[in-house]
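The values are calculated or read from the model by the stated rules, or taken from the named source; none is laboratory data. All of these numbers come straight from a predicted model, not from anything done at the bench. Just the protein is used for accessible areas: all its heavy atoms, side chains included, with ligands, DNA and RNA removed. Shrake-Rupley method; radii C 1.70, N 1.55, O 1.52, S 1.80 Å.
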Amino acid sequence: MTDTPDSDIRRLIAAAKTAAANAHAPYSRFAVGAALLMTDGSIVQGANVENASYGLSLCAETVAIATASSAGRLRDVVAVGVIGGAMDADGRATGTAPVSPCGRCRQVLNEAAQMGGRDIVIHCGAAEGKAVASYRLSQLLPAAFGPADLGIG
Ligand code: THU
């Protein structure tokens, strides 16, 4: 389905689970972790950061992309792993359904995809269990508007 080796998919999902443990999600009690596989094989993580002014909350994928961009690595994103689920009493994500990026995060991921000239692969995993659904960003956000439309990239 995609060209991410199974070992990298496992690394991405494991890193996303680790990241989710640092979610700041006291309002929704829904923890999300994201992990970006970079061209050099390294991984950049992010977790959702909610805010008392609810609408200011940031999704895990957006935090991960901002972290990569801040390190000058926006063009280097190859694949993404995402997991999420309702928190238990200890703040750990639970649930067996794969979580896929929200619409805003798809657009944020598209900035990295177009700047890097690659159709990023997104591996959506569950907080618990092994279920993973994999997509290309072009499947999740067809006919995307991006930097190329503004003559950039
Ligand atoms: N969330 C993410 O972090 N990523 C997504 O793609 C979907 C939603 C977060 C936002 C909010 O903190 C919580 O999940 C519930 O919507």
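At a 1.4 Å probe radius, carbon and sulfur cover how many percent of the accessible area of the range 6-142? The computed percentage sits at 52. Sorting Tyr27, Tyr135 on solvent-accessible area from highest to lowest, probe radius 1.4 Å, gives Tyr27, Tyr135.
Heavy-atom accessible area for His24, with the other protein chains in place and a 1.4 Å probe, reaches approximately 80 Å². Solvent-accessible surface of the chain, taken per residue with a 1.4 Å probe and all protein chains present: 49 Å². Helical content of the chain, expressed as a calculated mean residue ellipticity at 222 nm, amounts to -8500 deg cm²/dmol (DSSP H runs of 4 or more residues, -39,500 (n - 2.57) each, divided by residue number, nearest 500). By the Kirkwood approach, averaging reciprocal distances over each pair of separate Cα atoms, the chain gets a hydrodynamic radius of 15.2 Å.
Spatially, the range 1-78 and the range 95-153 are offset by 12 Å when compared through their Cα centroids.
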